[in-house]
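Novice: Please read through the structure below; I'll follow up with questions.
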Amino acid sequence: MIVGFTSALVIIITKLIFLIIIGLFAIILMFAYLYPPVELYMRGIGEISTFFDFGPLLLLGSYYAFTGSIAYSLIPLSIGFGLIASAIRYSHHIIEEPAKSIRKRAYAPLFFTMIVISAIIISWPLSLSHIILIVLSFFVGLLPLKIKDNQRVSAIAIAFLVIFSILAL
C-alpha cells in the first residue's frame with residue numbers, strides 16, 4: 001500500500017504517465033519472480049527479474065521521474081547495477097541448490113563474471129579510479145572460491161555494492 005500510494009503521488013506530482021508503464025513492467029517482473037505460473041525463483045532464473053528490477057527499471061525509471069527524460073548514457077550504468085544485484089541474489093540463494101546442480105557448479109565463475117563485468121561497465125566513465133574499482137571487484141568476485149558460506153559472500157557483495165555506488169557517484 002505504501003509503495004502504491006508513493007508511486008501514485010510521484011505520478012500525480014510529475015505528470016509523467018510513462019512512469020506507469022515502467023512501474024507496471026516492474027510489478028509484472030516481481031509477480032513473475034514470486035507467483036505461478038512463471039515462478040522464476042523456482043526455475044533458477046530469478047536473477048533475470050532482479051537484473052531488471054534493480055538495474056535498468058530502477059535507475060532509468062528514477063532518472064525519468066526526476067528529470068522527465070531518459071539519459072541514454074545511464075543505460076550501461078543500469079546494466080552494471082543490475083548485474084551486481086543479480087550476483088547478490090545468486091549468491092544469497094545458491095545455498096538452497098542441490099550440491100550437483102548446474103547452478104551450484106557454475107556459481108563461482110558466474111558470480112565472478114557478473115561482479116567484474118559490472119565493475120568495468122560502471123566505473124569506466126570514472127577515468128583513473130576505475131582501475132581501483134575493477135581490481136577490488138576481482139577480489140569480491142573471487143570470494144566464492146575462498147569462503148564457502150554463501151550468506152557471508154552475499155553480505156560482502158552487498159557491502160561492495162554500497163561502496164561501489166558511493167564511489168561511482
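Novice: For Ser86, indicate whether it is surrounded by fewer than 18 Cβ atoms within 10 Å (Cβ to Cβ) and in a helix (DSSP H, G or I).
Specialist: On the way: surrounded by fewer than 18 Cβ atoms within 10 Å (Cβ to Cβ): no; in a helix (DSSP H, G or I): yes.
The answer is no for Ser86.
Novice: Something else: In the range 21-43, which residues are at pLDDT below 80 and over 18 Å from the mean Cα position of the chain (by Cα)?
Specialist: Val38, Glu39, Met42, Arg43
Novice: Considering only residues that are touching a helix residue (DSSP H, G or I) at 6+ places or on another chain (Cβ under 6 Å), within 27 Å of Met114 (Cβ to Cβ) and in contact (Cβ under 8 Å) with a residue 24 or more places away in the chain, look in the range 19-47 and name the one that is surrounded by the fewest Cβ atoms within 10 Å (Cβ to Cβ).
Specialist: First, the residues of the range 19-47 that are touching a helix residue (DSSP H, G or I) at 6+ places or on another chain (Cβ under 6 Å): 19, 22-23, 26, 29, 32-33, 38, 40-41, 44, 46-47.
Keeping just the survivors that are within 27 Å of Met114 (Cβ to Cβ) gives 22-23, 26, 29, 32-33, 38, 40-41, 44, 46-47.
With the extra rule that they be in contact (Cβ under 8 Å) with a residue 24 or more places away in the chain, the set shrinks to 22-23, 26, 29, 41, 44, 46-47.
On the way: Ile22: 19, Gly23: 19, Ala26: 19, Leu29: 20, Tyr41: 18, Gly44: 15, Gly46: 20, Glu47: 23.
Among those that are touching a helix residue (DSSP H, G or I) at 6+ places or on another chain (Cβ under 6 Å), within 27 Å of Met114 (Cβ to Cβ) and in contact (Cβ under 8 Å) with a residue 24 or more places away in the chain, it is Gly44.
Novice: Moving on to the next point. Just the residues that are modelled with pLDDT under 80 and in a helix (DSSP H, G or I), please, taken from the range 89-103.
Specialist: Ser91, His92, His93, Ile94, Ile95, Glu96, Arg103
Novice: So which of Leu77, Leu16 is in contact (Cβ under 8 Å) with a residue 40 or more places away in the chain and not in a helix (DSSP H, G or I)?
Specialist: Working: Leu77 fails: not in a helix (DSSP H, G or I).
Result of the check over Leu77, Leu16: Leu16.
The values are calculated or read from the model by the stated rules, or taken from the named source; none is laboratory data. Note that the structure is predicted; figures quoted are calculated from it, not measured. For neighbour counting, all protein chains shown are included, and Cβ atoms are generated from backbone atoms with ideal geometry for every residue, glycine included.
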